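What follows is a set of notes on a single structure, which appears directly below.
The values are calculated or read from the model by the stated rules, or taken from the named source; none is laboratory data. Quantities reported herein were computed from a predicted structural model and do not represent experimental measurements. Here the Cβ positions follow ideal geometry from the backbone for every residue, glycine too, while neighbour counts run over all protein chains shown. Please note that ligands, DNA and RNA were not included when accessible areas were found on the heavy atoms of the full protein model with its side chains. Shrake-Rupley method; radii C 1.70, N 1.55, O 1.52, S 1.80 Å.
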Amino acid sequence: EESLKGDAESQHLFLTALRNVAEAQGGIGNLAKKTGMGRESLYKTLSESGNPKWHTLVSLVIALGLNLRLA
C-alpha cells in the first residue's frame, strides 16, 4: 500500500521481494522466458534503481504465479 503512495523504501522492498521470488523460481533468465522480456531489462527493472511501468509489474506478477491485491 505504501509503495503505491510513492514511498521509495516500500517500492524498493516490493521490487526486492519480486526479485527474490524470481530467483527462487528458477532465476531472472527463466522469468525472462516466461514474460518475453529481455534478461538485462529485468535485472534493471528489479534493481534498487528500477522504476517499472505498471504493465511490467503486472506481467511479472502473473509470470511468477502471484496474486496482486490492492486495497
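Per residue, how large is the accessible surface of the chain? Use a 1.4 angstrom probe and give square angstrom.
Working: 4840 Å² over 71 residues.
Using a 1.4 Å probe on heavy atoms only, each residue of the chain averages 68 Å².
What number in nm² do you get for the chain if you take the convex hull of its Cα atoms and divide its surface by four?
So the mean shadow area of the Cα hull is 4.3 nm².
Consider a paramagnetic label point 7 Å from the Cα of ILE62 along Cα→Cβ; state which residues of the stretch 26-48 have an amide N under 17 Å from it.
Of the residues in the stretch 26-48, 31-38 have backbone N under 17 Å from the label point off ILE62.
Loop-only check: which GluC sites (Glu not before Pro) in the chain are DSSP coil with at most 10 other Cβ within 10 angstrom? Walk me through the numbers before you get to the answer.
Details: sites: GLU1, GLU2, GLU9, GLU23, GLU40, GLU48; in loops: GLU1, GLU2, GLU48.
Answer by residue number: GLU1, GLU48.
In deg cm²/dmol and to the nearest 500, what is the mean residue ellipticity at 222 nm of the chain if only DSSP H runs of at least 4 residues count, each as -39500 (n - 2.57), divided by the residue total? Mind dumping the intermediate values first?
Numbers: 4 runs with 42 residues, N = 71.
Roughly -17500 deg cm²/dmol at 222 nm, from the helical runs in the chain.
What part of the accessible area of the chain, given as a whole %, is carbon or sulfur when the probe is 1.4 angstrom? Don't skip to the end; give the middle numbers.
Details: 2430 of 4840 Å².
Of the solvent-accessible surface of the chain, carbon and sulfur hold 50 percent.
Using the alpha-carbon atoms, what tilt in degrees (0 to 90, nearest 10) does helix 8-24 show relative to the longest principal axis of the chain?
Result, in degrees: 30.
Starting from 0.36 nm per residue, how many nanometres of slack lie between LYS53 and LEU13 once their C-alpha separation is accounted for?
Numbers: separation 40, 0.36 × 40 = 14.40 nm, distance 1.63 nm.
Value of the extension gain: 12.8 nm.
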